[in-house]
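Written out below as structure tokens is the structure these notes cover.
What follows draws every value from the coordinates through simple rules; no lab data is involved. In this text the structure is predicted, and so the values were computed from the model without any measurement. Cβ atoms come from the backbone with ideal geometry, glycine included; neighbour counts cover every protein chain shown.
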């Protein structure tokens, strides 16, 4: 993306799958918000339309895949995979193959990918973590002799371009951006060690119809009915661009605030959206911002619509404990639960929820899709949790299944107009979810 930008292209960045971190890095590089595409959470038409809209005012699209090319939500279906999205959007595929400690075997891998699905256009392969030019020549000759895909070049092993990571994946763009030196090394590698410039000239021109897409891409000035405060800083940065755009499309003015540094909420707001992120990393600093925590609790008691997912839900609980419960940090207390971190992943996967009650994100019976990914869990046992729910007038309004239809014990806690869960919802999965949130804020305003 940096290489293309430096060539003078306006790049439209996309990410396949429910990832928040990669799009953050894309956005910084391209200076244009990266858009998530997902063939399980979202319909084919939605993805195609969203892709079309994202191309506006751009010269070239770069779509980063999810996991391996054929990896989706099961071992028997392509649903949710990069391969399925490539076919839906009619895009050529470049394989990126980790070639460390590999030579002729690389051709067997590429050939296997080519033969696995004949409907895909695998146009080329770039070899990653290559040791030397001589190493690349082995790889290139093996592919040229056995495969249809073109060998486009290689990336040398170099620790200076490695990105740091932690328990939920890469460190976010809000905390760590590639240095100018690292970007310069990367661009130089692409320029010197690949035939990318020639490859670009062979790419097909995408036929697009911007009028096909309605919603999300806001062309006309929309009347702003309400103001929604969105938590945005190093602790809270996991948001789908679509979710914010859908709120805007339905009449919301978005104002950002930082739970880390702002001592009070923005003025004249009618709702709060607390997305996911890494509140556990900044738990001590968040807990010391007492004035903001108290104000959020007051707004919750006043029945202001407040929506918190994953990290945002943790922030709305009473306490956040670190691993082994060595320290407990007080949080907003909108929910009387305590959350503790673990060294192991507690839950991961696509989820489908059916609302059991009217709420700020939809009517009873509405079905929404999204995902769950966290290392923390509620410290309270089932009996204590049920007692706390009863005493505090809290309802669990989610009926949840995973992608294979199996029921899951994932809660959506509702108290007053505050809704919190470990579930990350994509508003594009259910047409009226964003509209419901804005309407709830309008009801509160009135």
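Taking 0.36 nm per residue of separation and subtracting the current Cα-Cα distance, fully stretching the chain between residue 290 and residue 200 would add 27.1 nm.
Springs join every pair of Cα atoms under 10 Å in this Gaussian network model of the chain, and among 18, 164, 336 the largest mean-square fluctuation is at 164.
Given contacts defined as C-alpha pairs under 8 Å and at least six residues apart, what's the relative contact order of the chain, whole-number percent? 12 percent. Axis angle, to the nearest 10 degrees, between helix 105-116 and the longest C-alpha principal axis of the chain: 70 degrees.
Based on Cα contacts under 8 Å between residues 6+ apart, segment 2-210 shows a relative contact order of 18 percent. The angle between the Cα long axis of helix 133-146 and the longest principal axis of the Cα atoms of the chain comes to about 80 degrees, rounded to the nearest 10. Reported to the nearest whole Å, the Cα centre-to-centre distance from segment 117-136 to segment 234-269 is 41. Cβ crowding within 10 Å, taken as a proxy for footprinting-reagent exposure, orders 350, 315 from fewest neighbours to most as 350, 315. Counting only DSSP beta bridges with both residues in the chain, the antiparallel share comes to about 50 percent.
Only beta bridges with both residues in segment 226-445 are counted; by DSSP, about 65 percent of them are antiparallel. Taking the centroid of alpha carbons for each part, segment 417-446 and segment 333-374 are 13 Å apart.
Each label point was placed 7 Å from the Cα along the Cα-to-Cβ direction; for residue 187 and residue 387 their separation is 6.2 nm.
If both residues of a DSSP beta bridge must be in segment 2-210, then about 15% of such bridges are antiparallel. Here the simple spin-label model places points 7 Å from the Cα toward Cβ, and for residue 56 and residue 327 these points are separated by 4.6 nm.
Shown for 267, 59: other C-beta atoms within 10 Å of each C-beta, ranked fewest to most, produce the order 267, 59. When the chain is treated as a GNM with alpha-carbon contacts under 10 Å, the residue of 75, 17, 153 showing the greatest mean-square fluctuation is 75. Both radii are taken from the alpha-carbon atoms of segment 106-197; with Rh as the Kirkwood radius, Rg/Rh is 1.05.
Maximal additional length on extending the residue 180-residue 7 stretch stands at 60.6 nm, based on 0.36 nm per residue less the C-alpha distance. Between 0 and 90 degrees, the angle of helix 290-301 with respect to the longest Cα principal axis of the chain falls at about 70 degrees. As a proxy for reagent exposure, 185, 246 were ordered by neighbouring Cβ count within 10 angstrom, fewest first; the result is 185, 246. Which translational diffusion coefficient, to the nearest whole µm²/s, is obtained for segment 2-210 from the Stokes-Einstein equation, given a Kirkwood hydrodynamic radius over C-alpha pairs, 20 °C and 1.002 mPa s? Reported coefficient: 118 µm²/s.
Potential lengthening of the chain between residue 367 and residue 409 amounts to 13.5 nm, from the contour at 0.36 nm per residue minus the alpha-carbon distance.
Normalising the average separation of contacting C-alpha pairs (under 8 angstrom, six or more residues apart) by the number of residues puts the relative contact order of segment 302-446 at 29 percent.
The label point for residue 263 and the one for residue 401, both projected 7 Å from the Cα toward the Cβ, are 5.1 nm apart.
Of all the options 393, 312, 428, the one that moves most in a Gaussian network model of the chain with Cα springs shorter than 10 angstrom is 393.
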